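Below is one structure, written out as structure tokens, with a few remarks after it.
The values are calculated or read from the model by the stated rules, or taken from the named source; none is laboratory data. All of these numbers come straight from a predicted model, not from anything done at the bench. Glycine also receives a Cβ, built like all others from the backbone with ideal geometry; neighbour counts cover every protein chain displayed.
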């Protein structure tokens, strides 16, 4: 069986999960290819018997570049698929976004999983949650899930895995409504975009390469275009700390919707799981 994993990872969390899944699938006898989102092409999906799509959770949903890639795929009739995500909080509709896009292309989605990941988003309310995740236990959970999907598909069993997460096939709950409010156009209007400081910028082009929507150009210093999705990856990841941003309104939103009380009782936090 040929398996293609298409993964979008900014800080490495989702990449670690995809690597663990690839190890398990390879050990089970699959021919596995793992492709970063920016290098993914339609043929990668067409060449696979089983497609896995993984992403971090952005504002309770799948990031815009992942949704755009899936929307641009050709028909996938007859192909099996699964989805996975990493999340530093309530995952909202992230799995549903991925699975629904694949189902609209005709794929038969077997299930999905959310793995905890350390939160690197710069809003002070949520930054640093779940430090060190995904840890060894998280990655073993990812391996078990991948093996279960492989066995399910290899047996020729159609439909979802028994006991798979219901949010793969049905969006609902508090964080589904948060995701509805956090539309890309809305976030671009109310949240301030980062700006580069020429005195700190060395024009290394890191931000230009790492921007998930290819929205940064050097002219002669970094300039953000109109597609910024307010992920603040340039702000938090710049090796020279050359970006600044007004995070006050964004952090207020995080306090209102992603505070630890809401996350624990309305999100996806397991019993005994600690935020910090």
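Here are 198, 212, 222: which of them is outside the structural domain of residue 85 (by TED's automatic domain parsing) and farther than 25 Å from residue 69 by Cβ?
Numbers: 212 fails: farther than 25 Å from residue 69 by Cβ; 222 fails: farther than 25 Å from residue 69 by Cβ.
Being outside the structural domain of residue 85 (by TED's automatic domain parsing) and farther than 25 Å from residue 69 by Cβ holds for just one of 198, 212, 222, which is 198.
Looking at 180, 169, 150, can you tell me which residue is exposed (fewer than 15 other Cβ atoms within 10 Å of the Cβ), within 22 Å of residue 54 (Cα to Cα) and under 24 Å from the mean Cα position of the chain (by Cα)?
Values: 169 fails: exposed (fewer than 15 other Cβ atoms within 10 Å of the Cβ); 150 fails: exposed (fewer than 15 other Cβ atoms within 10 Å of the Cβ).
Result of the check over 180, 169, 150: 180.
Give the stretch 8-29 a look and list any residue that's more than 15 Å from the chain's Cα centre (by Cα), within 17 Å of residue 83 (Cα to Cα) and crowded, with 16+ Cβ neighbours inside 10 Å, or say none.
Taking the stretch 8-29 first, the residues more than 15 Å from the chain's Cα centre (by Cα) are 20-29.
With within 17 Å of residue 83 (Cα to Cα) added as a condition, the list becomes 20-25.
Those that are more than 15 Å from the chain's Cα centre (by Cα), within 17 Å of residue 83 (Cα to Cα) and crowded, with 16+ Cβ neighbours inside 10 Å: 20, 21, 22, 24, 25.
Can you go through 231, 211 and tell me which one is out of contact with any helix residue (DSSP H, G or I) (no Cβ under 7 Å at 6 or more places or on another chain) and crowded, with 19+ Cβ neighbours inside 10 Å? So that I can check it myself, show each step before the final result.
Working: 211 fails: out of contact with any helix residue (DSSP H, G or I) (no Cβ under 7 Å at 6 or more places or on another chain).
Going through 231, 211 in turn, just one is out of contact with any helix residue (DSSP H, G or I) (no Cβ under 7 Å at 6 or more places or on another chain) and crowded, with 19+ Cβ neighbours inside 10 Å: 231.
Please go through the stretch 246-276 and pick out each residue that is in contact with a helix residue (DSSP H, G or I) (Cβ under 7 Å, 6 or more places away or on another chain), part of a loop (DSSP other than H, G, I, E, B) and within 20 Å of residue 183 (Cα to Cα).
Answer for the stretch 246-276, where residues must be in contact with a helix residue (DSSP H, G or I) (Cβ under 7 Å, 6 or more places away or on another chain), part of a loop (DSSP other than H, G, I, E, B) and within 20 Å of residue 183 (Cα to Cα): just 267.
Scan the stretch 99-138 for residues that are within 20 Å of residue 167 (Cβ to Cβ), assigned to a helix (DSSP H, G or I) and more than 17 Å from the chain's Cα centre (by Cα) and report the count.
The qualifying residues number 2.
Would you check which residues across the stretch 239-276 are within 28 Å of residue 209 (Cα to Cα) and in contact (Cβ under 8 Å) with a residue 40 or more places away in the chain and list them? Steps first, answer last, please.
The initial filter retains those residues of the stretch 239-276 that are within 28 Å of residue 209 (Cα to Cα), namely 239-251, 254.
Correct list: 240, 241, 242, 243, 244, 245, 246, 247, 249, 250, 251, 254.
Going through 221, 209 one at a time, which residue ends up being over 23 Å from residue 94 (Cβ atoms) and at pLDDT 95 or above? Please lay out each step first, then the result.
On the way: 209 fails: at pLDDT 95 or above.
It is 221.
Look at residue 71 and say whether it is modelled with pLDDT of 95 or more and closer than 24 Å to residue 143 by Cβ.
Values: modelled with pLDDT of 95 or more: yes; closer than 24 Å to residue 143 by Cβ: no.
So residue 71 does not fit the description; no.
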